[in-house]
Amino acid sequence: MEDFQEHIFNHRRPLLLKNVDIGDCKEKWTVEYLAEVLGPNQVKVHVCPVGNMSFITKNFTYKTLEFKDFIKRAAAEVHSEWFLCENESYYLRSIGSDKRGRDVADINKQFPRIAKDVRFPQLFEDKDFFSSVIRIGSRGVQIWTHYDVMDNMLIQVSGEKRVALFSPEDTHYLYLSGDKSQVLDIDNPDTTAFPEFVKATRYETLLTPGDVLFIPALWHHNTVARVFGVGLNVFWKNLPHEMYDKTDVYGNKDPLPASKALSDVNKAIQSLNVLPKTYRNFYIQRAIAALEDAKLS
Ligand SMILES: O=C(O)CCC(=O)C(=O)O
Ligand SMILES: [Fe+2]
C-alpha cells in the first residue's frame, strides 16, 4: 500500500498487478456454479446484435433475464432463444437493488452468496469505498471509451480482456460527448471526422484471470472481451466526499465543482452568442487564454 501510494496513486498513474490472489472466485466461478447459486436472480442486461456497443446509434437494448439464463446465453456463441438475432451479444453491469435506481452496486448486497469468494488488494481505506460491480460479457463485447470519476480496480476473474487506456491529458484528442468518446472504433478510427485522435497515446494490456488493473479516475478506458469472461470492478473515492454528486450511482457524474464549472462555460457561450461573429470569436479567444493561464503544470 505504501509503495502504491508513493509511486502510483500520488502520480495518478495506472498500474497492472499480474496474478494477484483474488480468492476462490478464480477457480469457483464457472458458468455452471454461478448459474446454480445465482439462478433465479433477475438481472437487467445489455443485448446487442454485434459486440461493439454504440451509444451513438444505440444499437443495443436492455432486457431482464434470470441470471442462469443470462449467463448461459452470454457464454454461448449461438442461442436457441434470443431477442434480436441468434448470435447476439450480452453484457451485465450489475446495479443496486433499489427499483428506482437510487443505490449503488455492491456485490455484498446483491450477490452475498458469491461475495466472499473474492479478495481484492487493499489499495484504499474502507471509508472511501463507493461500489463493487459485477461485469460479465459475451466474447467480443466492446465497451466504448469513457471515463469514470472514481478510482477503480478492474479485476479479471475468468476470460481475457483487452484494455486500452488514454491519459486525461489527451482528453482533447478523444472528441468527448459527456463522459464518452465519440471515436467508437479505436482500432480503425474515422480520421476525417476525428483527425486529432491519432495524437492520443494509447496504453494497452491484456487482462487474464487474476489480473487487477488500477484505473485512476479520469483515465479513459475501452475494453474488448477476447472470450466470454467474468470480472468485477471496485470504485472508490479519492476526493473529499462532499465533492461528489450524491445522486451518482454509476461513478460517472462529474465532481460538483467541475460540473458547475462546465455549466458556467455553457453560460459563457450563451452570453457570447448575442454578439456578431467577429466579436464572439475575439472574446472566445480571450476566454480560452484565461483558461489556459489557469492550468497548473
Ligand atoms: O470491461 C468492462 O466491463 C468495462 C469496465 C469499466 O468500464 C470499468 O470498470 O469502469
Ligand atoms: Fe468504466
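Among residues of the stretch 153-202 being among the charged types (D, E, K, R) and within 15 Å of Leu218 (Cβ to Cβ), the one that is farthest from ligand 1 (Cβ to nearest atom) is Glu169.
The number of residues in the stretch 217-240 that are away from ligand 2 (no atom under 15 Å from the Cβ), farther than 17 Å from Arg12 by Cα and out of contact with any helix residue (DSSP H, G or I) (no Cβ under 8 Å at 6 or more places or on another chain) comes to 3. Of the helices (runs of 4 or more DSSP H) contained entirely in the stretch 14-86, those carrying at least 1 residues that are among the small types (Gly, Ala, Ser), over 30 Å from Gly178 (Cα atoms) and over 24 Å from the mean Cα position of the chain (by Cα) fall at 31-38.
Do we have any residue at all in the stretch 104-118 that's surrounded by fewer than 18 Cβ atoms within 10 Å (Cβ to Cβ), in the same structural domain as Val50 (by TED's automatic domain parsing) and within 15 Å of ligand 1 (Cβ to nearest atom)? Scanning the stretch 104-118 turns up no residue that is surrounded by fewer than 18 Cβ atoms within 10 Å (Cβ to Cβ), in the same structural domain as Val50 (by TED's automatic domain parsing) and within 15 Å of ligand 1 (Cβ to nearest atom). Count of the stretch 136-146 residues, restricted to those that are surrounded by 23 or more Cβ atoms within 10 Å (Cβ to Cβ) and within 14 Å of ligand 2 (Cβ to nearest atom), is 4.
Hey, any hits in the stretch 265-279 for a residue that's open to solvent by 100 Å² or more (accessible area, probe 1.4 Å) and within 28 Å of Ala217 (Cα to Cα)? Yes: one or more hits. Restricting the stretch 195-213 to residues that are open to solvent by less than 20 Å² (accessible area, probe 1.4 Å), within 16 Å of the chain's Cα centre (by Cα) and away from ligand 2 (no atom under 13 Å from the Cβ) leaves a set whose member that is nearest to Asn87 (Cα to Cα) is Leu207.
So that you can scan it fast, the table gives a plain yes or no per residue for (1) farther than 21 Å from Arg119 by Cα; (2) out of contact with any strand residue (DSSP E or B) (no Cβ under 8 Å at 6 or more places or on another chain); (3) more than 16 Å from ligand 1 (Cβ to nearest atom); (4) assigned to a strand (DSSP E or B):
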| site | (1), (2), (3), (4) |
| --- | --- |
| Gly140 | yes, no, no, no |
| Asp148 | yes, no, no, no |
| Glu204 | yes, no, no, yes |
| Leu239 | yes, yes, yes, no |
| Gly251 | yes, no, no, no |
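The values are calculated or read from the model by the stated rules, or taken from the named source; none is laboratory data. Just so you know, these numbers come straight off a predicted model, no measurement behind them. Counting neighbours? That spans all protein chains shown, and the Cβs are built from the backbone with ideal geometry, glycine included. In case anyone asks, the SASA skips ligands and DNA or RNA and just uses the protein heavy atoms, side chains included. Shrake-Rupley method; radii C 1.70, N 1.55, O 1.52, S 1.80 Å.
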